[in-house]
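Below: one structure, written as structure tokens.
No lab work stands behind these numbers, since they all come straight from the coordinates. Since the model is a prediction, treat every value here as computed from it, not as a measurement. So basically every Cβ, Gly included, is an ideal-geometry build from the backbone, and we count neighbours across all protein chains shown.
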Amino acid sequence: MHPFKSFTIISLLLLMACNKQPKATDKANMEFRAPDSTYAILNYKKDWHWIFKDVQPSTLSETERSATEKIILRAIRENNERQIKALEGHNRKYPEHPRTATGFELQTEGYKRQYVPVINREGQKIVWINFFCNDWIDERWKSDIVDVEDGGNCYFSLKVNLDTGAYSELYINGYA
């Protein structure tokens, strides 16, 4: 074999090895990992009755947080798809006043999170996740619920049922 051909074949093999994609099983084992400074797992307190009723406090493992993240991303995707349709509808109805956003689109980057895991009466693990993007909030957010009025999509929350994979009560703050 010509030396140039063997060099080319070896180079291609090395390139393919370096660009190897993770297997499906590798991807399934990857877990969501947020930096510790961006989230807090809070123990449910009975005076947070406006979040849950008839529940028991629980814990949240890394694996459960990873599963929660997948459901959150689905909820955000579905919300944003609804927002795009609403925006298109507005722009069709009011072509003289087009908008580029509804103000209720969501994302996860740049937000701090509070997770409150509980077990409901049916024995299902439910996690309430509170998102907020303001940096002015002091360190109390690591132990107390951040609850503000208005602020738009800088503040939103939802509940995730880890047993069913469903989400509910996606709430996005309004604008004053």
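Running Debye on region 33-172 with equal point scatterers at the Cα sites and no solvent, what base-10 log of I(q)/I(0) appears at q = 0.16 Å⁻¹? Relative scattering, expressed as log10 I(q)/I(0), comes to -0.86.
Based on the mean of other Cβ atoms within 10 Å per residue, sort peptides 88-95, 110-117, 48-55 so the most packed one is first.
110-117, 48-55, 88-95
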